[in-house]
Amino acid sequence: MTTRTIKRRPSSPLAGQWPGQMPALLQRIHAMRGALDGDQAQPRLVHLLAPELLGGLDGATALLEAAITQGRHIVVVGDFDCDGATACALGVRGLRMLGATRVSYAVPNRVTHGYGLSPHLVADLVVLEPDVIVTVDHGIACHAGIAAAKALGWQVVVTDHHLPGPTLPLADAIVNPNLVGDTFPSKMLAGVGVMFYVLLALRRRLRDAGAFATGSEPDLSSLLDLVAVGTVADLVPLDVNNRALVAAGIRRLRAGQGCPGLCALAEVSGRDVRMLTASDIGFAIAPRINAAGRLDDMALGIACLLSDDPGHARELAGVLNQINGERRAVQAQMTDDADAALARACLDDAVPAVVCLFDEQWNPGVVGLVASKLKERLHRPAFAFAPAEPGSTQLRGSARSIPGLHIRDVLAAVDSANPGLIERFGGHAMAAGLTLALEAFPRFERALGEAIGRMLDTALLRDEVISDGELHPPEFSRAIAELLRDGGTWGQAYPEPLFDGHFDVLAWRIVGERHLKLELGMNGLRLNAVEFGGWRGLAPDARIHIAYRLVPDDYRGGDAIQLVIVHRQHGFASADAPANQREAELPSC
């Protein structure tokens with residue numbers, strides 16, 4: 001298996017050179033992540049890239065303006081993940097704010113329709129009698145579905161961020177920053193971000209046409225809570241533009257100005273919306289929205305996001321919370337199955353450069369989470385497959401990659417060398433999805449291994465925990481912990497501050513079945529720490545080297561802080577823990 005090591009992030013000469021009041025520690029952290037100044041470190045909406053820089057907006061907004069002024073029926077078609085759900089809710093809310101009087105939404109069912117705007121979904125949309133279809137977070141690969149919609153006389157606007165294939169669908173308008181030749185400076189927009197830009201450009205077009213001459217124009221910034229959640233959930237890199245969007249959305253949520261559905265989801269997940277962070281979105285809110293699309297129907301998640309009745313929103317959030325509990329149980333069983341299969345396949349303890357697993361009992365809605373767990377645990381690109389539905393001979397797979405290996409490019413290489421092997425695929429650098437026939441799985445596994453062998457730099461397989469260095473004794477304070485929490489928009493490609501250091505273990509105990517609570521000593525300080533999942537049957541060494549996050553300890557309150565251990569560099573010393581070193585489960589976090 002892989003061995004994790006702690007490596008310190010290179011320092012930046014820009015640290016300490018910025019004018020203003022940003023504390024030196026925070027300057028150092030932002031500079032090491034590539035920020036050139038305070039505006040890049042903590043971007044505001046004023047720093048957003050202008051909509052006119054994004055290609056395709058003229059055609060899309062002209063079509064939507066005509067649909068609004070003529071009272072035509074617009075159907076926003078979402079996707080069954082959190083990005084697609086938030087983008088769908090954003091599209092519906094935004095179009096209504098901009099004057100559309102006939103706006104509906106639809107979302108594919110993972111089992112009955114498959115991905116995106118498929119011909120099966122188009123057939124089911126006939127009853128709605130749409131005039132215009134707007135796809136969000138998909139469409140760039142939906143050639144057959146778009147052709148079916150066009151054959152029925154519907155207009156189609158594609159808003160997407162996924163990488164295009166060699167040919168584009170025959171839509172009436174396409175907005176996608178990743179189209180070949182598009183010069184939009186940020187290619188990192190999530191699907192919800194692309195739709196937000198469409199709404200910004202549409203408002204400008206309507207303004208120029210005099211639509212708001214007799215009243216105030218709609219404040220689209222009120223929709224940024226949805227943009228923030230979808231952007232964080234989709235794990236797109238948080239470049240300056242995305243961080244400006246996410247930070248603004250989180251400010252709205254913290255101020256109690258989020259939509260009732262998101263506020264209710266924060267409540268059922270045990271998060272205080274007044275102190276909400278991007279991490280809370282990624283680990284608490286987004287999974288509850290995603291759960292609907294994985295095990296049930298994403299229409300439930302979209303309905304929660306569209307509800308303006310707090311009571312109704314809480315009811316829907318409660319149902320989503322229950323589904324998420326079921327999802328966790330399914331995921332745990334599938335992950336255990338994957339571990340067992342991997343152990344059987346790797347009897348010599350040598351893990352291959354890519355992991356590719358299939359189980360006929362797995363749920364196709366959860367394979368992405370299994371692939372993600374395998375990738376995190378093994379630091380290898382990972383693929384997980386399940387039958388598209390029970391007994392089906394078609395497989396649906398999901399892939400997760402490690403930094404430096406573009407997983408969609410890998411699938412494109414497999415497809416190019418083996419025409420017809422993959423029925424359909426799409427995705428990003430870090431995640432992708434695909435379908436193939438059950439009988440094709442052995443061939444795909446071999447072809448995938450060959451492509452990985454050609455395209456993967458084995459140096460990327462070194463699993464390193466990247467630290468921002470040490471904290472000094474005076475920095476172990478509540479004020480610093482809150483500064484680190486609130487002093488940036490942390491997430492994908494702009495990670496939350498992480499430090500490392502050597503500590504004495506003064507005391508330890510097991511919490512629940514598998515967590516460790518420790519009391520650590522350093523230079524006379526006594527510090528509380530927790531390592532989730534840290535109990536592996538052996539006691540920690542008397543002195544340990546750890547990578548950790550410094551966080552406010554809201555459970556104890558006051559000035560309390562806590563070290564959340566992400567990685568313990570050194571091993572273990574002794575066997576079973578005495579009974580008096582066990583205690584109840586930690587509070588939910």
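The values are calculated or read from the model by the stated rules, or taken from the named source; none is laboratory data. It should be emphasised that the depicted structure is a prediction, and the values quoted were computed from it without experimental measurement. So basically every Cβ, Gly included, is an ideal-geometry build from the backbone, and we count neighbours across all protein chains shown.
Looking at A171, is it over 19 Å from L49 (Cα atoms), hydrophobic (A, V, I, L, M, F, W, C) and either over 21 Å from the mean Cα position of the chain (by Cα) or modelled with pLDDT of 95 or more (or both)?
Details: over 19 Å from L49 (Cα atoms): yes; hydrophobic (A, V, I, L, M, F, W, C): yes; either over 21 Å from the mean Cα position of the chain (by Cα) or modelled with pLDDT of 95 or more (or both): yes.
Spelling it out, A171 is indeed over 19 Å from L49 (Cα atoms), hydrophobic (A, V, I, L, M, F, W, C) and either over 21 Å from the mean Cα position of the chain (by Cα) or modelled with pLDDT of 95 or more (or both).
The number of residues in segment 47-82 that are at pLDDT 95 or above and closer than 26 Å to I250 by Cα comes to 11. Per the listing Q17, Q40, Q70, the residue uniquely in contact (Cβ under 8 Å) with a residue 24 or more places away in the chain, among the polar types (S, T, N, Q) and out of contact with any Asp or Glu (no Cβ under 6 Å at 6 or more places or on another chain) is Q40.
If you filter segment 255-266 down to residues that are under 20 Å from the mean Cα position of the chain (by Cα) and in a helix (DSSP H, G or I), you find that the one that is surrounded by the fewest Cβ atoms within 10 Å (Cβ to Cβ) is C263.
Checking each residue in segment 461-505 for being among the hydrophobic types (A, V, I, L, M, F, W, C), part of a loop (DSSP other than H, G, I, E, B) and in contact with a helix residue (DSSP H, G or I) (Cβ under 8 Å, 6 or more places away or on another chain) picks out L471, W490. Can you go through V180, V156, V132 and tell me which one is farther than 29 Å from L265 by Cβ and surrounded by fewer than 18 Cβ atoms within 10 Å (Cβ to Cβ)? V180 is the lone residue from the list that is farther than 29 Å from L265 by Cβ and surrounded by fewer than 18 Cβ atoms within 10 Å (Cβ to Cβ). Looking only at residues in segment 300-316 that are in a helix (DSSP H, G or I) and not hydrophobic (A, V, I, L, M, F, W, C), which one is nearest to V227 (Cα to Cα)? Checking each candidate, the answer is G301. Go through the residues of segment 515-532 one by one and say whether even a single one is in contact with a Gly (Cβ under 7 Å, 6 or more places away or on another chain), among the aliphatic types (A, V, I, L, M) and assigned by TED's automatic domain parsing to the domain that holds E475. Yes: one or more hits. Pairs are defined by a Cβ separation below 7 Å, a sequence spacing of at least 6 or placement on different chains, a first member in segment 196-207 that is not assigned by TED's automatic domain parsing to the domain that holds G56 and among the aliphatic types (A, V, I, L, M), and a second member that is crowded, with 20+ Cβ neighbours inside 10 Å and assigned to a helix (DSSP H, G or I); no pair meets this definition.
Of the residues A85, A35, A60, the single one that is buried (at least 22 other Cβ atoms within 10 Å of the Cβ) and over 24 Å from N176 (Cβ atoms) is A35.
When R536 is tested against (1) under 26 Å from G270 (Cβ atoms); (2) touching a Phe, Trp or Tyr at 6+ places or on another chain (Cβ under 8 Å); (3) not polar (S, T, N, Q), just one condition goes unmet, and that condition is (1). Filtering W535, W508 for residues that are over 29 Å from S11 (Cβ atoms) and at pLDDT below 95 leaves a single hit, W535.
When you scan segment 38-47, how many residues do you find that are surrounded by fewer than 18 Cβ atoms within 10 Å (Cβ to Cβ) and either among the aliphatic types (A, V, I, L, M) or under 30 Å from R205 (Cα atoms) (or both)?
Just the residues of segment 38-47 that are surrounded by fewer than 18 Cβ atoms within 10 Å (Cβ to Cβ), to begin with: 38-39, 44-47.
From what is left, the residues that are either among the aliphatic types (A, V, I, L, M) or under 30 Å from R205 (Cα atoms) (or both) are 39, 44-47.
Residues in segment 38-47 being surrounded by fewer than 18 Cβ atoms within 10 Å (Cβ to Cβ) and either among the aliphatic types (A, V, I, L, M) or under 30 Å from R205 (Cα atoms) (or both): 5 in total.
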